Amino acid sequence: MSLTLVYIGAAAGLVPAASLRALAGGGAVVVPEGLGDELLELVAEAAGVKPAALRAVDIADSTCFAELAAVACDAGAAADGGAGVMIAVAGPKGPQLARELRRRAPAGVALRTVPAGGEFDDAVLGQELASLKRIVDVLRVECPWDREQTPRDIIGYTLEEVYELIDAVVADDRTAVHGELGDLLLQVVLLALMLSERGGGDLGSVAHDIEAKLIRRHPHIFADAVAETPADVKGRWERIKREQEGREGIFHDVPASFPALLHARKLQQRASSVGFDWGSAAAAFPKVAEEHAELAALFAEAAGADPSRRDPRVQHELGDLLFATVNVARLLHLDPDVALREASRRFRRRVTAAAALAAREGRDWTAVGLDEQERYYQRAKAAEALGHGSSEGESS
């Protein structure tokens, strides 16, 4: 039994000739329910049947996949193992039908595509991206809120979406990552539209330019250069930016508006690209102790009290300690922002669990002394290490 996914597309004028030839090869032809008349007639004509002879399936109905298996079985038997069933991936619901069939294809049913392999995937992806762009175009004209937005208005939402995506990635929540990627993609499409309104390019030119940049910066893949290690790749990347793209200075194009951890890491990466770097995280680690000792000296000088925050040395030494810690994280190929976020999540989870432990014993954790709070905290930490429960739906 076989099902052949034949890419038709969103509009009759865009249908590939190879797809029309494939439909003419015989076999039962299935279309998504609700297909527009023009595409319906085109598919029927290519298949050599009346539109009424096409079988429409509702992908919202989970039984449709079992139905398709039955149709494939009947068609295969009737044709003595011939053409099987042709699925016209047509109209707005076509790409979703293709995805669902690939994910939920009945056992024993072979799936083929026209065009074959990656070309089919590219066609479906292109249709979905073009559909998203058209929706954004409509909203920009017809929605009162969208009409009034400017790039400066939108960029704040873009930043929010980036941070929400970070949370989803750190939590390893694939469903949330999927949703947040969509939210971020919307921001890209909308900002590209606003750029085009001001004559600065469009989504297509944005895609073209990043393609060209990737090819230019990876000559070890797309040309005859050689790079054997990740360090070789990064070094060549930085040289290309300076030599071919005219970027000047060691610390070129490091935005001052970056969050502090990212800003520090980027500066360190730029310095590393010209050889000013520790050889390893192990070599850099003693610098953390050195900076810690210099901050500790200020506490000792204060004779058991907190050093004055007005003393400029305090902020200076604290900054050096943080900078040294970022350096070690970078050399360990860890993102210090992600590491700190995970530490914050652990802290939040454990404090919440400590308060719950106290409540189960009839006590208010916020009202007991620090020593007692710490004991509850350590109990929560120990329970977490043993895998005993966690709060807020987070894994232990």
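The values are calculated or read from the model by the stated rules, or taken from the named source; none is laboratory data. Because the structure is a prediction, the values reported are computed rather than measured. Methodologically, a virtual Cβ is constructed for each residue, glycine included, from the backbone with ideal geometry; neighbour enumeration extends over all protein chains shown. The protein model used for the area step is the full one, side chains on, heavy atoms only, and it has no ligands, DNA or RNA in it. Shrake-Rupley method; radii C 1.70, N 1.55, O 1.52, S 1.80 Å.
Helix 118-142 and the longest principal axis of the C-alpha atoms of the chain enclose an angle of approximately 80°.
Rounded to the nearest 10 degrees, the inclination of helix 151-170 to the longest alpha-carbon principal axis of the chain is 80 degrees.
Net charge near Asp371: determine it from the other residues with C-beta under 14 Å of the C-beta of Asp371, scoring Lys and Arg +1 and Asp and Glu -1. Net charge around Asp371: +1.
With respect to the chain, whose longest principal axis is taken over its alpha-carbon atoms, helix 336-360 is tilted by about 80°. FRET efficiency for the pair Ile155 and Ser280, taken as 1/(1 + (r/R0)^6) with r the Cβ-Cβ distance and R0 = 56 Å, rounds to 0.90. Lysine pair count for the chain with Cα-Cα distance under 26 Å and sequence separation of 8 or more or different chains is 10.
Counting 0.36 nm for each residue step from Glu374 to Thr175 and taking away their Cα separation leaves a gain of 68.1 nm. Within the accessible surface of the chain, defined with a 1.4 Å probe on protein heavy atoms only, the carbon and sulfur portion equals 57 percent. Please return the longest stretch of the chain lacking exposed loop sites, where trypsin sites (Lys or Arg not before Pro) count only if DSSP places them in a loop and at most 11 other Cβ atoms lie within 10 Å. Within the chain, the longest run free of exposed trypsin sites (Lys or Arg not before Pro) spans 1-197. In this structure the chain gives 60 Å² per residue of accessible area when probed at 1.4 Å with all protein chains present. Using a cutoff of 8 angstrom between alpha carbon atoms and counting only pairs six or more residues apart, the relative contact order for segment 86-192 works out to 19 percent. In the chain, the calculated helix contribution to ellipticity at 222 nm averages -20500 deg cm²/dmol per residue, counting -39,500 (n - 2.57) for every DSSP H run with n ≥ 4. Extension gain, Ala105 to Ala367: 0.36 nm times the residue separation minus the Cα-Cα distance gives 88.5 nm.
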